[in-house]
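Trainee: Got a structure here, written out as structure tokens. Questions coming.
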Amino acid sequence: MKGLYCQLSEHGEDASFVFQEVVPPSVLLDHFVKVQVKACALSAVKTKLITELKLGPGLIPSGREIAGIVLEVGQKVSFFHPDEAVVGILPLDSEDSGLCDIVFVHEHFLVHKPEKVTWIEAAGTIRDGLCAYTALHYLCHITAGNTILVMDGASPFGTIVIQLANHRGAKVISTVHSSDDEQYLEGLHPTVARVVNLSSGKANLVENCMEETGGLGVDIIIDSGVRLYSGEDESPLKQHLPHKHEILCVLAVGGHWITTMANLQLDPPDSHLLYLKGGSVSFLNDEVWSLSNVQQGKYLHILKDVMEKLSNRIFRPLLDEPIPLYEAVVSMEMVQKNHVRKKQVIQL
């Protein structure tokens with residue numbers, strides 16, 4: 001059988017994607033489950049993290065969010081039985097690509113898929129749901145009445161964060177980068193309290209947030225990247241992002257800033273402002289759940305809750321049309337370059 005794999009360059013920066021023939025293991029290990037894949041969602045390969053963990057160079061499996069049917073279980077598997085529908089995220093060190101017809105997964109990385117949820121929805125929501133839960137429940141402990149600022153809320157991840165925050169009773173402010181994104185967010189139910197369109201450069205993020213909160217600032221900020229330097233020193237791709245000082249200015253006393261930037265730098269004046277507000281900065285890295293088994297029970301609980309909310313239509317993911325397998329390479333290249341706005345899911 002064949003799977004989609006990522007080939008890193010010698011420096012670990014450039015990535016290319018190829019289908020590679022793989023030989024399945026002849027023996028099913030005790031705690032592993034043999035799954036026939038029905039759908040696989042695509043997410044960018046974290047080349048820098050993989051290089052740091054010394055999992056490359058070489059062929060790195062691509063497509064890790066899977067949904068499928070259990071074909072066979074190991075002797076010591078207690079959670080699953082043949083013919084059950086499951087969904088999960090393959091760990092970083094998995095040798096199987098999610099685009100293989102058959103994958104072998106440890107039972108602690110899978111949960112049951114509800115009947116009401118389609119294969120495409122399950123695979124396309126599981127990772128963004130995990131990220132949203134990690135940010136709102138484990139990094140900032142969201143409560144009813146909080147005000148949350150979601151940067152780029154019209155992305156697949158931003159959409160799930162908004163829906164989970166609204167479900168928890170929070171007021172949501174979101175930024176967008178186009179009129180189409182603004183129209184999409186205004187059509188969400190429950191509604192977003194305020195949508196700030198940053199595409200024209202005319203809207204002031206700080207003024208809008210302060211006006212919406214009565215000058216108090218927002219309790220939680222979840223960014224999609226920030227500018228660390230002044231405009232002339234930053235790359236053109238980041239010109240639409242808010243500056244880190246704007247983020248700190250809109251943060252309320254005791255607020256939480258959840259960042260997706262691994263290379264965030266705070267200068268002494270930034271740290272002093274954060275100190276005066278009694279605020280905190282947390283780094284959102286969803287891979288920690290699979291890199292450490294210390295909180296495996298919490299991880300499985302999150303995955304089950306994501307599927308339950310998807311089944312109850314609390315989550316309505318932003319998915320593109322299902323993609324056939326022969327277009328997987330082109331789709332994966334677009335995902336890796338961040339050239340798509342909707343979640344890409346391959347239908348097998």
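The values are calculated or read from the model by the stated rules, or taken from the named source; none is laboratory data. All values derive from a computational prediction rather than experimental measurement. Methodologically, a virtual Cβ is constructed for each residue, glycine included, from the backbone with ideal geometry; neighbour enumeration extends over all protein chains shown. What goes into the accessible areas is simple: the full protein's heavy atoms, side chains included, and nothing from ligands, DNA or RNA. Shrake-Rupley method; radii C 1.70, N 1.55, O 1.52, S 1.80 Å.
Trainee: Please give the number of the condition Ser282 fails out of (1) open to solvent by less than 60 Å² (accessible area, probe 1.4 Å); (2) within 13 Å of the chain's Cα centre (by Cα).
Mentor: Looking at each condition in turn, Ser282 falls short on (2).
Trainee: Please pick out the residue among Gly63, Gly3 that is under 27 Å from Leu310 (Cα atoms) and of a type outside the set (D, E, K, R).
Mentor: Numbers: Gly3 fails: under 27 Å from Leu310 (Cα atoms).
Answer to the check: Gly63.
Trainee: While we're here: Identify, please: which residue in the range 40-64 is at pLDDT below 95 and assigned to a strand (DSSP E or B) and is, among those, surrounded by the most Cβ atoms within 10 Å (Cβ to Cβ)?
Mentor: Top of the filtered list is Pro61.
Trainee: How many residues does the range 288-338 hold that are in a loop (DSSP other than H, G, I, E, B) and either within 23 Å of Asp93 (Cβ to Cβ) or more than 16 Å from the chain's Cα centre (by Cα) (or both)?
Mentor: First, the residues of the range 288-338 that are in a loop (DSSP other than H, G, I, E, B): 292-295, 312-318, 320-322, 337-338.
Right, trim to either within 23 Å of Asp93 (Cβ to Cβ) or more than 16 Å from the chain's Cα centre (by Cα) (or both) and you get 292-295, 312-314, 321-322.
So the answer is 9.
Trainee: Limited to the range 1-39, what total is found for residues that are farther than 16 Å from Val335 by Cα, open to solvent by less than 20 Å² (accessible area, probe 1.4 Å) and out of contact with any His (no Cβ under 9 Å at 6 or more places or on another chain)?
Mentor: Residues of the range 1-39 farther than 16 Å from Val335 by Cα: 1-3, 9-12, 19-39.
Narrowing the set further to residues that are open to solvent by less than 20 Å² (accessible area, probe 1.4 Å) leaves 3, 12, 33, 35, 37, 39.
Right, trim to out of contact with any His (no Cβ under 9 Å at 6 or more places or on another chain) and you get 3, 12, 35, 37, 39.
Residues flagged as farther than 16 Å from Val335 by Cα, open to solvent by less than 20 Å² (accessible area, probe 1.4 Å) and out of contact with any His (no Cβ under 9 Å at 6 or more places or on another chain) within the range 1-39 amount to 5.
Trainee: Of the residues His189, His137, His141, which is assigned to a helix (DSSP H, G or I) and not polar (S, T, N, Q)? Talk me through it step by step, then tell me what you get.
Mentor: On the way: His189 fails: assigned to a helix (DSSP H, G or I); His141 fails: assigned to a helix (DSSP H, G or I).
When all the criteria are applied, what remains is His137.
Trainee: Please indicate, with yes or no, whether at least one residue in the range 163-179 is in contact with a Ser or Thr (Cβ under 9 Å, 6 or more places away or on another chain), in contact (Cβ under 8 Å) with a residue 12 or more places away in the chain, of a type in the set (D, E, K, R) and open to solvent by 20 Å² or more (accessible area, probe 1.4 Å). Can you show your working first?
Mentor: First pass over the range 163-179, keeping only residues in contact with a Ser or Thr (Cβ under 9 Å, 6 or more places away or on another chain): 166, 168-173, 175-179.
Checking which are in contact (Cβ under 8 Å) with a residue 12 or more places away in the chain leaves us with 166, 168-173, 175-179.
Now drop any that are not of a type in the set (D, E, K, R), which leaves 168, 171.
Applying the additional criterion that residues be open to solvent by 20 Å² or more (accessible area, probe 1.4 Å) yields 168, 171.
Looking through the range 163-179, at least one residue is in contact with a Ser or Thr (Cβ under 9 Å, 6 or more places away or on another chain), in contact (Cβ under 8 Å) with a residue 12 or more places away in the chain, of a type in the set (D, E, K, R) and open to solvent by 20 Å² or more (accessible area, probe 1.4 Å).
Trainee: Has the range 295-317 got any residue that is within 30 Å of Ser199 (Cα to Cα) and surrounded by fewer than 20 Cβ atoms within 10 Å (Cβ to Cβ)? Can you show your working first?
Mentor: So the first thing to find is which residues in the range 295-317 are within 30 Å of Ser199 (Cα to Cα), and the list is 314-317.
From what is left, the residues that are surrounded by fewer than 20 Cβ atoms within 10 Å (Cβ to Cβ) are 314, 316.
For the range 295-317, residues within 30 Å of Ser199 (Cα to Cα) and surrounded by fewer than 20 Cβ atoms within 10 Å (Cβ to Cβ): present.
Trainee: How many of the residues in the range 335-348 are out of contact with any helix residue (DSSP H, G or I) (no Cβ under 7 Å at 6 or more places or on another chain) and surrounded by 15 or more Cβ atoms within 10 Å (Cβ to Cβ)? Even if it seems obvious, please write down each step before you answer.
Mentor: Just the residues of the range 335-348 that are out of contact with any helix residue (DSSP H, G or I) (no Cβ under 7 Å at 6 or more places or on another chain), to begin with: 335-339, 341.
Next, only the ones that are surrounded by 15 or more Cβ atoms within 10 Å (Cβ to Cβ) stay: 335-336, 341.
Selection size over the range 335-348: 3.
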